[in-house]
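Worksheet for the structure shown next.
The values are calculated or read from the model by the stated rules, or taken from the named source; none is laboratory data. Quick caveat, the model's predicted, so the values are computed rather than measured. Don't worry about glycine lacking a Cβ; one is built from the backbone with ideal geometry, like all the others, and counts go over all protein chains shown. Areas reflect the complete protein model, heavy atoms only, side chains present, ligands, DNA and RNA absent. Shrake-Rupley method; radii C 1.70, N 1.55, O 1.52, S 1.80 Å.
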Amino acid sequence: MDVLTDQDVQKFRDEGYLVLDGLLSPEECDALRDRMSEIIERMDVPEHCRTQFSTDHDEQLKTQGNADYFITSGDKIRFFFEKGVFDDKGEFIVPKEHSLNKIGHALHAYEPLFKAVTHSPKVQNVIKKIGLINPVILQSMYIFKQPGIGGEVTPHQDATFLYTQPLGRVMGVWIALEEATLENGCLWFIPGSHNDGISRRMVRTPKGTFPLTDFIGREKNYDDKLFIPAPVKKGGAVLIHGEVVHRSAANTSDASRHVYTFHIMDSQNTVWSPENWLQPTEELPFPPLYT
């Protein structure tokens with residue numbers, strides 16, 4: 001990959017996102033995908049996915065189990081499934097490698113290959129050029145976007161879930177491990193929408209209450225015509241400003257769209273909200289990117 005130019009940096013600042021070709025080689029992409037296949041082969045399906053439910057009370061326990069599994073996943077490697085991949089006995093009705101929506105949120109900390117990519121000189125150089133002084137890694141995810149069932153991701157801003165004061169300190173690095181096309185659910189952006197603040201926040205609710213998270217504010221309704229597609233070749237990446245509005249369509253094709261993505265925050269003079277669902281832990285403080 002060529003080094004980021006000043007024009008690239010300006011484009012990112014103006015539009016709130018930037019597509020980069022060739023951040024990873026095809027071989028590096030394949031190595032990450034192979035490692036992920038091994039992880040899936042050995043995964044333990046969480047209990048709340050396996051349980052059979054009949055009454056409203058049971059259903060509520062399932063929802064609570066799901067929520068708890070999510071909110072405590074910041075320092076773990078956990079499995080999140082597409083809808084309708086289990087029967088009522090909790091057995092797979094699709095091949096298990098096609099059942100997953102994503103795996104998160106600490107691949108960058110506990111999986112050596114993913115850690116190496118996250119801290120690679122290529123990534124560090126890009127982030128330095130963008131101007132982040134003291135970046136730390138917040139979370140990471142492997143997103144599958146399964147053929148035929150990979151669900152739509154509705155318009156949102158990452159800072160809704162990863163809120164800082166001041167705003168503008170969080171960005172995503174979204175790496176296409178397979179080509180991301182119009183057919184298999186590439187990202188779409190509203191250029192310049194990162195300049196308008198955020199319309200809602202996801203916050204933890206007080207201890208002992210359920211649900212475990214709630215939203216303050218509401219997502220706006222966006223005109224479909226404002227969205228611009230950002231297809232990416234295998235090994236390419238998209239830099240995503242924390243406040244830019246983006247979405248992806250459902251994957252109706254017969255090709256998957258595997259992605260490794262992680263979020264970073266410039267911790268210089270930044271306050272991470274104690275109300276965010278994601279919190280650093282003793283086991284896993286947010287690791288510095290430049291190490």
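None of Glu275, Glu282 is open to solvent by 40 Å² or more (accessible area, probe 1.4 Å) and free of Cβ contacts under 8 Å to residues at least 60 places away in the same chain except Glu282. Every residue in region 211-258 that is among the basic types (Lys, Arg), in a loop (DSSP other than H, G, I, E, B) and open to solvent by 40 Å² or more (accessible area, probe 1.4 Å), please. Once the filter is applied, which keeps residues that are among the basic types (Lys, Arg), in a loop (DSSP other than H, G, I, E, B) and open to solvent by 40 Å² or more (accessible area, probe 1.4 Å), region 211-258 yields Arg218, Lys220, Lys233, Lys234.
Would you check which residues across region 148-169 are β-branched (Val, Ile, Thr) and open to solvent by 10 Å² or more (accessible area, probe 1.4 Å) and list them? Explain how you work it out, then say what you get.
Residues of region 148-169 β-branched (Val, Ile, Thr): 149, 153-154, 160, 164.
Result: Ile149, Val153, Thr154.
Each row is one residue, and each column tells you yes or no for (1) at pLDDT below 95; (2) within 25 Å of Glu219 (Cα to Cα); (3) touching a strand residue (DSSP E or B) at 6+ places or on another chain (Cβ under 6 Å).
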residue: Asn125; (1), (2), (3): no, no, no
residue: Lys129; (1), (2), (3): no, no, no
residue: Val136; (1), (2), (3): no, no, yes
residue: Ser140; (1), (2), (3): no, yes, yes
residue: Pro147; (1), (2), (3): yes, no, no
residue: Val153; (1), (2), (3): yes, yes, yes
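Taking residues in region 70-97 that are small (Gly, Ala, Ser), and partners anywhere that are at pLDDT below 90 and surrounded by 18 or more Cβ atoms within 10 Å (Cβ to Cβ), the pairs with Cβ atoms closer than 9 Å and at least 6 places apart or on different chains are Gly84/Ile149; Gly90/Cys49.
Please enumerate the residues belonging to region 177-218 that are of a type in the set (A, V, I, L, M, F, W, C) and under 27 Å from Glu59 (Cβ atoms). Step through it out loud before you land on a result.
Pass one, region 177-218, residues of a type in the set (A, V, I, L, M, F, W, C): 177, 180, 182, 186-190, 198, 202-203, 210, 212, 215-216.
Within region 177-218, Met202, Val203, Phe210, Leu212, Phe215, Ile216 qualify.
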